[in-house]
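Beneath this line is the structure, given in structure tokens, with notes to follow.
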Amino acid sequence: MTNKAKRLLKEAGPLAIAASVLLLSTGCSPSEPAPIIETKEQPSLIRFVAAEYSSETKPLLEELVRQFEIQNPTIEVELQVANWDILSGIYTAMISKNQPPDLLNTNAYAQFASDGLLNDMGDILSPELKQKIYPNLLEKDRMGDVQFAVPYVASVRNMYYNQDLFEEAGIHAPPKTWSELKTTASKIVKTGKANGFGVDLTDNETQAYLSYFFFGSGGGWIKDGKWTINSPENVQGLSFLKGLFDAKLTDPEPTVTTRDEKQRVLGDGKLGMLISGNYFTSVVPREFPNLRWGVGPIPVKDGKAPLSFGVQDMLVSFKNDHTDTAALSKFLDFLYDDGRYEEFTQREGLLPVTSTVGQKLAGNDPIMKSELAALEKAEFYPIQEPAWQSVMDTARKLGDAVLFGRMSPKQALDELQHFAEAHSTK
């Protein structure tokens, strides 16, 4: 090495001197290329447990994961898609084995958050993704200053009905009030061809049908931070629902057949109407292409304001020994990419939670525009309450007892109220 080279190295600083030492130690002259030291990026694992919304869900997500892994060869996504009936059993077993999902699609998160099991999604979401998620939905997934979850998909609930049955029974419009609901169901039953009103008090939708009649009577689950499950309004709502069952105006098996099964019964012409999500418009006509169907509001107690009820499902990330926030962030950006996310929500009949996709779809579809507007002002489950998951689980056990007279509506709601209060103080 010449004196000029030495002087230049000295002026260049320590990094350059270190490089010269490397050259000398490998016997390379300055004119020869230095050896390339390869650094391998560490592989990352994302265990993703997703809920099955329809028969479309699994193939859609499998293809999405395949494309993501092609573009990100150092990130492996271990996908598991499960029906809502068994979803909680799957992730509960994973948690008990200390192998929780890195990403879980669920409908409740606050209990996990209060137990300290969740990552802060604020540390995972990219600024671009956070910016395009509807703020009112994002707020519901926050406790204090921590973003424990992020909205994934949403829906609004409506009354869907078999138009042929309505016309045959001489019904000209869907019911808007409880008295109209009773009259409409009675007319359908009198045709002798179908049951009137489909009610789902199975493990799937008990909390939903309670909500329709709680809010529809002017009540609700919680007010000013306190549980109001056994309020007079809620008791009246559940009593009305039981009255419909006692009068044989509902389907005969509310605690046995699920909403999805009842949708097929409606499509087959054996059920007049039921309350379901806007996904009805995609899922049911696909299976029953000749079905003539209509849509109306959730009936409310006579004199009460119209009810808009929304549901959002969310994604949470559990803490584990291999959490890679950068990998999760990449995957979420891919999952919510406008083109892919639009396809997923459209195929599943769900509402988007991103403004970019929502604005595009609403611009071309007045029904989508009205549903997104309804979502903005809708009532929701109290998902920010840590006891909500346990309250839901307990509510699901009360359907048979109420319908078949082992407990009065007030006794059942008193019991559920006591349960909620006891679990909220733990």
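The values are calculated or read from the model by the stated rules, or taken from the named source; none is laboratory data. Source: prediction; values computed, not measured. Counting neighbours? That spans all protein chains shown, and the Cβs are built from the backbone with ideal geometry, glycine included. With ligands, DNA and RNA removed, areas are computed over all heavy atoms of the protein, side chains included. Shrake-Rupley method; radii C 1.70, N 1.55, O 1.52, S 1.80 Å.
To the nearest 0.05, how large is the calculated FRET efficiency for Thr183 and Glu421 if R₀ is 45 Å and r is the Cβ-Cβ distance?
Computed FRET efficiency for Thr183 and Glu421 comes out at 0.75.
Over all alpha-carbon pairs of the chain, lay out the pair-distance distribution in 20 Å bins, whole %, shortest bin first.
Going from the shortest bin to the longest, the percentages are 23, 49, 18, 7, 4, 0.
Lys and Arg at +1, Asp and Glu at -1: add these up for the other residues within a Cβ distance under 14 Å of Lys193 and post the number.
The answer is -2.
Sticking with the crude label model, points 7 Å out along Cα→Cβ, report the distance from Ser355 to His172 in nm, one decimal please.
That separation, rounded to one decimal, is 4.4 nm.
Over 19 Å between Cα atoms, which of Lys193/Lys262; Lys270/Lys301; Lys242/Lys301; Lys140/Lys223; Lys270/Lys397; Lys193/Lys301 qualify?
As for pairs spanning more than 19 Å Cα to Cα, those are Lys270/Lys301; Lys270/Lys397; Lys193/Lys301.
State in Å² the accessible area per residue of the chain; use a 1.4 Å probe, count heavy atoms of protein chains only, and round to the nearest integer.
That works out to 48 Å² per residue.
Cross-link candidates for Lys330: which lysines have Cα within less than 17 Å, leaving aside residues fewer than 8 places away along the same chain?
The reachable lysines, counting only those whose Cα sits under 17 Å from Lys330, are Lys130, Lys132.
Beta carbons within 10 angstrom, averaged per residue: use that to sort the peptides 107-119, 208-220, highest first.
Descending mean neighbour count gives 208-220, 107-119.
Rounded to two decimals, what ratio of Rg to Rh does the stretch 232-288 give with C-alpha atoms and a Kirkwood Rh? Before the final figure, lay out each step's value.
Details: Rg = 13.2 Å, Rh = 12.7 Å.
Rg divided by Rh gives 1.04.
What's the local net charge at Ser88, with K and R +1, D and E -1, over the other residues with C-beta under 10 Å away?
With Lys, Arg at +1 and Asp, Glu at -1, the neighbours total -3.
Compute the distance in nm between two label points, each set 7 Å from the Cα along the Cα-to-Cβ direction, one at Lys223 and one at Lys190.
3.7
Project the alpha carbons of the stretch 119-175 onto their principal axes and report the range along each, largest first, in whole Å.
Per principal axis, max minus min of the Cα coordinates gives 57, 22, 16 Å.
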